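Colleague: Sharing a structure here in structure tokens format.
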Amino acid sequence: GAKNSCQQMRQRLVAGGGVASGLFVIDAESGKALCARAAKRPRILASNTKLFTTSAALARFGPEYRIETGLLTDGRIGFDGTLRGSLYLQGAGDPALGVPSFFNRYQGGLGTNLLALTAQLREAGVRAVTGRLYADDTIFDRVRGVADSGYATSPYVGPLSGLAFDAGYRGSIGQGFASDPATLAAAKLARSLSAAGISIRSEVARGVTPDGAQPLAEVSSPTMSRLVEATDVYSNNFFAEMLAKLLGAHFGAGGSTAAGTDVVE
């Protein structure tokens, strides 16, 4: 029976992956080799490399961990609902951050709704903001791409930002990648605030959240286990690269690909 099963596996492998395909199957308990085909031929790992990143993310963060994107202020809310100060949209490296119209269509509903911050700000009593909205993406470095694109934005992987938005796209996928996801996210939020009756300047900018800034609202990503599942099952390159930088930011020398790779290794 084992011989027939091995033969079936070999036949299915060749039918699906071609004659260059190989396999090596062992019994997980005994370590006994059960089936092999061209098992010693070296091969490029390709998307299997994601398994190292995602297993490290699960081990370091834990399966229930959620990435928190915050909205903070350096000012105070007056009795009239006026926030005298500025707002800071502080990115935390969430690869799923976006709007439902994007992630429901392109990510199977898996996403973190940036616009949920609007209702929370109204609940906090804010009706006007004297300052402006700043986008803080400094949890990651400013290297947007990966090795095969010379670390410039890849034609295949959205720009890697500490304040990512809609997987790096500037609109629908057909419209291409955004030049600066962080300011795009802030601009979307500013328009949402205005539409909800909160007076705020439409012009946004990048800025670093000051020490002592007070949190007003936050949105949480799906659990790490769900982010990992989406990364591995759908071979999501953007999620994988973002998780690598996130590992570097929390457990390595900083939010860079190199630092994240050191953690994974």
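Colleague: Against the definition (touching a residue at least 24 places away in the same chain (Cβ under 8 Å) and either over 16 Å from N237 (Cα atoms) or charged (D, E, K, R) (or both)), how does A128 come out, yes or no? Talk me through it step by step, then tell me what you get.
Modeller: Values: touching a residue at least 24 places away in the same chain (Cβ under 8 Å): yes; either over 16 Å from N237 (Cα atoms) or charged (D, E, K, R) (or both): yes.
Taking the combined requirement at face value, the residue satisfies it.
Colleague: Does region 147-163 contain at least one residue that is touching a residue at least 12 places away in the same chain (Cβ under 8 Å), farther than 25 Å from V233 by Cβ, small (G, A, S) and open to solvent by 10 Å² or more (accessible area, probe 1.4 Å)?
Modeller: no
Colleague: Residue under question is E218, and the condition is that it be closer than 24 Å to P100 by Cα, modelled with pLDDT of 95 or more, open to solvent by 30 Å² or more (accessible area, probe 1.4 Å) and not in a helix (DSSP H, G or I); does it hold? Don't jump to the end; show me each part of the working.
Modeller: Working: closer than 24 Å to P100 by Cα: yes; modelled with pLDDT of 95 or more: yes; open to solvent by 30 Å² or more (accessible area, probe 1.4 Å): yes; not in a helix (DSSP H, G or I): yes.
So E218 passes the test.
Colleague: Right, something else. Out of region 8-37, which residues are open to solvent by 60 Å² or more (accessible area, probe 1.4 Å), in a loop (DSSP other than H, G, I, E, B) and either touching a residue at least 24 places away in the same chain (Cβ under 8 Å) or not small (G, A, S) (or both)?
Modeller: V19, E29, K32
Colleague: For region 229-248, which residues satisfy the criterion of being part of a helix (DSSP H, G or I), farther than 21 Å from G150 by Cα and open to solvent by 10 Å² or more (accessible area, probe 1.4 Å)?
Modeller: Of everything in region 229-248, those that are part of a helix (DSSP H, G or I), farther than 21 Å from G150 by Cα and open to solvent by 10 Å² or more (accessible area, probe 1.4 Å) turn out to be E229, A230, D232, V233.
Colleague: If you don't mind, there's one more thing I want to ask. Under the condition of being over 14 Å from the mean Cα position of the chain (by Cα) and part of a loop (DSSP other than H, G, I, E, B), which residue from region 52-69 is surrounded by the most Cβ atoms within 10 Å (Cβ to Cβ)?
Modeller: Looking at residues that are over 14 Å from the mean Cα position of the chain (by Cα) and part of a loop (DSSP other than H, G, I, E, B), I get P63.
Colleague: Please work out which residue is nearest to P159 (Cα to Cα), limiting yourself to region 124-144 and to residues that are open to solvent by less than 20 Å² (accessible area, probe 1.4 Å) and aliphatic (A, V, I, L, M).
Modeller: Going residue by residue through region 124-144, those that are open to solvent by less than 20 Å² (accessible area, probe 1.4 Å) are 126, 129, 131, 133, 135-137, 140.
Among the residues that remain, those that are also aliphatic (A, V, I, L, M) are: 126, 129, 133, 135.
On the way: V126: 32, V129: 30, L133: 21, A135: 15 Å.
Among them, the one singled out is A135.
The values are calculated or read from the model by the stated rules, or taken from the named source; none is laboratory data. What you see is a predicted model; the values in this text were computed from it and never measured. As a convention, Cβ positions derive from the backbone with ideal geometry for all residues, glycine included, and neighbour counts pool all protein chains shown. Heads up: the accessible areas ignore ligands, DNA and RNA and are worked out on the full protein's heavy atoms, side chains in. Shrake-Rupley method; radii C 1.70, N 1.55, O 1.52, S 1.80 Å.
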